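Written out below as structure tokens is the structure these notes cover.
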Amino acid sequence: MSEKAGISLVVCEFAMNHLEVKKSDYHTSIHTTPDGFAYMFGLQEMGFKTISL
């Protein structure tokens, strides 16, 4: 549903490891990135708006 609206959900793998959460625990539409902050700042530099929770 989020993809139809043009929204990507991305989870930080560092946080996943800290919280002992596996990629298989998430829905297949959710993507992961090794470093959430670096990913977010990279998007902001390209002009995207981001929300961190």
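Nothing in this text is a laboratory measurement; each read-out follows from the coordinates by a stated rule. Since this is a predicted model, take the numbers as computed values, not measurements. Every residue, glycine as well, gets a Cβ built from its backbone with ideal geometry; the counts of neighbours run over all protein chains shown.
Here are the numbers for this structure:
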{"read-out": "Computed over the chain: relative contact order in percent, which uses C-alpha pairs under 8 Å that are six or more apart", "value": "34 percent"}
{"read-out": "Read-out Kirkwood radius over Cα pairs in Å, derived from the coordinates shown; its label in [x] 11.5; [y] 15.2; [z] 11.9", "value": "[z]"}
{"read-out": "Qualifying GluC sites (Glu not before Pro) for the chain [loop in DSSP, other Cβ within 10 Å: at most 13]", "value": "3, 20"}
{"read-out": "Neighbour-limited loop hits for chymotrypsin sites (Phe, Trp or Tyr not before Pro), the chain (at most 16 other Cβ within 10 Å; DSSP other than H, G, I, E, B)", "value": "26, 48"}
{"read-out": "Per-pair calculated FRET efficiency, R0 = 22 Å: residue 50 and residue 21 via Cβ, rounded to 0.05", "value": "0.60"}
{"read-out": "Additional length obtainable on full extension of the chain from residue 28 to residue 43, 0.36 nm per residue less Cα span", "value": "3.2 nm"}
